[in-house]
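The values are calculated or read from the model by the stated rules, or taken from the named source; none is laboratory data. None of these values were measured; they are calculated from a predicted model. Counting neighbours? That spans all protein chains shown, and the Cβs are built from the backbone with ideal geometry, glycine included.
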Amino acid sequence: MNYEIVCGIETHIELATRTKIFCGCTTEFGGEPNTHCCPVCTGQPGSLPILNQKVVEYAIRAGLALNCKINTRSHMDRKNYVYPDLPKAYQISQYDEPLCENGYIELDSGKRIGITRIHIEEDAGKLIHENGYTYIDYNRSGVPLIEIVSEPDISSAEEAREYAEKLQLIMRYIGISDCKMQEGSMRCDVNLSLRKPGDPNFGVRTEIKNINSLSFIQKAVMAEAERQADILDAGGTIVQQTMRYDEATNSVAPMRDKENSDDYRYFPDPDILRFCIDEDKIEEIRASLPELPFDKLRRYVNDLGLPEATARQISRYRKVAEFFEGTLAGGASVKNAANLIVGTIFSHMNTEEEKELFAVRISADQFAELVRLLDEKKINYGVAQGTLQKMLESGKSVDEFIKPEDLAGISDEELESLCREAFDANPKAVADVRNGKDKAINVMFGFIMKKTGGKADIRKAEALLRKMIGHD
Amino acid sequence: MKARIPELAKRLRSREISAVELTKAYIEAIEKLNPTLNAYVHLTFDTALEAAEQADQRLKEDDAPLLCGIPMALKDNICTDGLPTTCCSRILKDFRPYYDATAWEKLKALGAVLLGKTNMDEFAMGSTSETSCYGAPLNPRNTNYVTGGSSGGSAAAVCANLAVYSLGSDTGGSIRQPASFCGVVGLKPTYGAVSRYGLIAYGSSLDQIGPLANSVKDAAIVFDAIKGGDKRDQTSVDYDYGSSLAECLDRDVKGVRIGVAEEFFDGINPEIKAKIEDAIKLLERNGAVVENLRFPALKIALPVYYIIACAEASSNLGRYDGIRYGHRASSYTSIDDMIVKTRNEGFGDEVKRRIMLGTYVLSSGYYDAYYKKACLIREEINREFDAVFEKCDVLIAPTAPNTAFPLNYRGSGPVEMYLSDICTVPVNIAGVPAISVPCGEDARGLPIGMQIIGRRFGEATVLQVAHFYEQSAGKVLGDYEGGAGI
């Protein structure tokens, strides 16, 4: 039988603030266990939380980038539950007054996935099970998180993946998180139910917890939808429960409940004052937001005329896009700049992280100088690539590698005599061209380039050669 | 004769006595009396003597602070770096924090000499200090009676002259009521006036640290020293009181409008009522204007207090699970089992009762009927206080409806004990300041306290009226013999 997938995603994202949400401890990843801790983030008696204003600011950035309404009045709540990784036996979170509400993410298809809410909260510590003992590392306790809750608008595994991928991209772009799913700085919980097409009612849903890669999101949705469909087809009913996706077997199985407390006894945290956010502050944050990746992509394709694939590769990484745009500002042409970035610079960057970091040793201006030489045909593409290589290795400017005399290069007389040499040395190619095999002319170009170290103006050379061949 | 801070400060500066000698005198008195009174539960004599030596060095300079070299005590729920801080609970037995409470840090920086940590109701939950895991402190004025609570040890230590002053904490009357029972002065400052950092939480929106002392002036001096905003406590306020409150006490009460609300006198022991009325008459004779007011929300304040305090407590006390600090059950089968056993062994009955009550009022299905409603009524109580303080400058009421209970008195059960907080809890609910000053004693010679309540950050007026009363009333209590002979 055919079912419609109804899926919503809750995403936890660790914010890249320097310090934790309620104390001055560092948020740095790793570190010896329990070295990034203090009385506050280990819940020592008598300690009190101080809300980090940067966290509020970062959450507002996320809200604005996801088209949310920002609540100007908000407060923190306590979510009470007992677990050894939670040192106060409550998590400071937000319950009925989240910072942001009612946003959306637009998929490539134009479909919008609603964002119900974004709230701020603290992360818990980490349990490490070893040699029959359980150890607790509180380094992560108090690291700021935002939880982004989507509407159940997602109706396929592909949409689920695209939603998460777009979310990740936007969050990285606005600089509030590195969103590394492997390291846990972005974690997704998928809620999923099935219903018959056209049925206005929702089916019973399950929640798949802590999925840690984009492709697993897609696979988990598929696996869970199949599992539920099988049950429904067999006349069974779905049990509302928490599931875990096992990547090894590509299957979804119920998780052992860690705590049978679904009553969190939320109440406003008396230690943290209600807070108000100035409209001015919101506008200031809005003004500081960068152009988002999809707006860039659209602009690169529509206004700059880049092919979509290239535009996508460049707009995907904020630093790359900024470098690209800096190069254009330096007077370089769109096409050459884009091709050199994607073709040459990216060939040094094997991972997403490297592209994300885009740690190049030259500035956009230095790069623009090189591209301009190519644009003005003072060098050809091969030389541009080779020079760029050297520039990237040394961090030095183009004039270190290409001297003015090189560019002044070949006089018309010299070029003419070179062409003559090429013509004389390649009778077969000449004959081939004359017989309609036009590509054979490349043999003569190669001869000339080799002799000149690539410095010859190939268009001029072509004109001269064709004249000699009598084929112009 | 009990020593007062200004007089001791003078004697320390004139070298009539050194801080070490003064400290030794208190140590001697504690060693003599504490085995009976049980006012202190942890003694810190070694560090006290070191602090006294340093104070003596500092007292050679002209600008040594007033509190330099003065021996004092802290309630056992105020964190002291490296020294026991147990809330008089088995669950925190042997707990030594590695940080100081802000209030203590401030006093320490002024050269205060800490003699020890004082007895209290377990986690400050109680009105007699009898829920302490170390056993109850005894009322120095009559050891057959309780000290009151929860800051009973702090009141007893000051009363018996085993400390010049002490700090307590007040969530629903825990400074004022024991001050009243022991015949000392106790000030509950405005919520936010003193940092709560390092005060082990009971009811976070109600808790406030304050001084207990043998005079209003001493209480004012200590309040001056501990007040102020703290970047480690978001609920603290850096209120500008203008100047030192202790230096502005000498005002008369001409034209001061004193509010008297009959609800505060309903069901009050007649002996107490009479003494408070005498005190009000004295103020009136000296030019104060009495305004008769109504305070209808008083009766509802008590359930509101117990709902809010217990709700917050149930959350605040969740952290005592035996994992990071404090008591841990010795045998268990799993982490869950360990937590359950630890808490079962570690907490006393009253604490368990309040945790259960608080858990219940926050549970889904009951939240709206209890916790949420209590919060709404809290706002109504705030409005009533606002209305009252439009008509008067201070409100005068008994501190407690009764004098000290006999030891082990249980009455008809916990609710009767809760009822004895009726006069003090509205003050915490509204976060306003109030002081308890002795105003006489009952037929058995047990002290009676008068409560003077002010508007938010109105400590100056509260202290001025209290000081004026104390100075004009003269001797209202019988002499207390004992304590440090200095």
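Among the conditions (1) assigned to a loop (DSSP other than H, G, I, E, B); (2) in contact with a Cys (Cβ under 8 Å, 6 or more places away or on another chain), the only one that B:Ser127 does not satisfy is (2). Between B:Arg196, B:Arg232, B:Arg176, the distinction of being touching an Asp or Glu at 6+ places or on another chain (Cβ under 9 Å), farther than 20 Å from B:Ser129 by Cβ and basic (Lys, Arg) belongs to B:Arg196 only. Candidates are the residues of segment A:13-46 that are hydroxyl-bearing (Ser, Thr, Tyr) and either at the interface with another protein chain (Cβ under 9 Å from one of its Cβ atoms) or not in a loop (DSSP other than H, G, I, E, B) (or both); the one that is surrounded by the most Cβ atoms within 10 Å (Cβ to Cβ) is A:Thr42. Checked across segment A:218-228, the condition of being free of Cβ contacts under 8 Å to residues at least 60 places away in the same chain, acidic (Asp, Glu), touching a Leu at 6+ places or on another chain (Cβ under 9 Å) and surrounded by 19 or more Cβ atoms within 10 Å (Cβ to Cβ) holds for at least one residue.
For segment A:33-53, indicate whether the set of residues that are within 24 Å of the chain's Cα centre (by Cα) and touching a residue at least 24 places away in the same chain (Cβ under 8 Å) is non-empty.
Among the residues of segment A:33-53, not one is within 24 Å of the chain's Cα centre (by Cα) and touching a residue at least 24 places away in the same chain (Cβ under 8 Å), which makes the answer no.
The set of residues in segment A:47-85 being crowded, with 22+ Cβ neighbours inside 10 Å, of a type outside the set (S, T, N, Q) and farther than 28 Å from A:Glu151 by Cα consists of A:Leu48, A:Pro49.
The numbered conditions (1) more than 15 Å from the chain's Cα centre (by Cα); (2) crowded, with 24+ Cβ neighbours inside 10 Å are all true for B:Ala163 except (1).
Within segment A:435-466, the residues that satisfy the criterion of being exposed (fewer than 13 other Cβ atoms within 10 Å of the Cβ) and farther than 26 Å from A:Leu373 by Cβ are A:Asn435, A:Gly436, A:Lys437, A:Asp438, A:Lys439.
The set of residues from segment B:337-351 being surrounded by 14 or more Cβ atoms within 10 Å (Cβ to Cβ) and not β-branched (Val, Ile, Thr) comprises B:Met338, B:Lys341, B:Arg343, B:Glu345, B:Gly346, B:Phe347, B:Gly348, B:Glu350.
Pairs meeting the criteria (first residue in segment A:154-166 and touching a residue at least 24 places away in the same chain (Cβ under 8 Å), second residue among the acidic types (Asp, Glu) and surrounded by fewer than 21 Cβ atoms within 10 Å (Cβ to Cβ), beta carbons under 9 Å, at least 6 apart or on different chains) are A:Ser155/A:Glu4; A:Glu159/A:Asp153; A:Glu162/A:Asp108; A:Tyr163/A:Asp153; A:Lys166/A:Glu106; A:Lys166/A:Asp108.
Of all residue pairs spaced 6 or more apart or on separate chains, those with beta-carbon atoms under 6 Å, a first member in segment A:92-104 that is outside any strand (DSSP E or B) and a second member that is at pLDDT 95 or above and among the small types (Gly, Ala, Ser) are A:Glu97/A:Ser74; A:Leu99/A:Ala59; A:Leu99/A:Ser74. Criterion applied to B:Gly365, B:Gly358, B:Gly326, B:Gly318 was being small (Gly, Ala, Ser), surrounded by 19 or more Cβ atoms within 10 Å (Cβ to Cβ), over 14 Å from A:Val82 (Cα atoms) and without any contact (Cβ under 8 Å) to a residue 60 or more places away in the chain, and the one residue passing it is B:Gly358.
Could you tell me whether any residue of segment B:379-397 is under 17 Å from B:Ala297 (Cα atoms) and within 14 Å of chain A (Cβ to nearest Cβ)? Yes, some residue in segment B:379-397 is under 17 Å from B:Ala297 (Cα atoms) and within 14 Å of chain A (Cβ to nearest Cβ). Among the residues of segment B:194-249, the ones that are β-branched (Val, Ile, Thr) and part of a loop (DSSP other than H, G, I, E, B) come to 3 in all. Per the listing B:Leu199, B:Leu167, the residue uniquely within 16 Å of B:Asn119 (Cβ to Cβ) and within 14 Å of chain A (Cβ to nearest Cβ) is B:Leu167. Note on segment B:23-42: residues that are of a type in the set (A, V, I, L, M) and touching a helix residue (DSSP H, G or I) at 6+ places or on another chain (Cβ under 7 Å) total 4.
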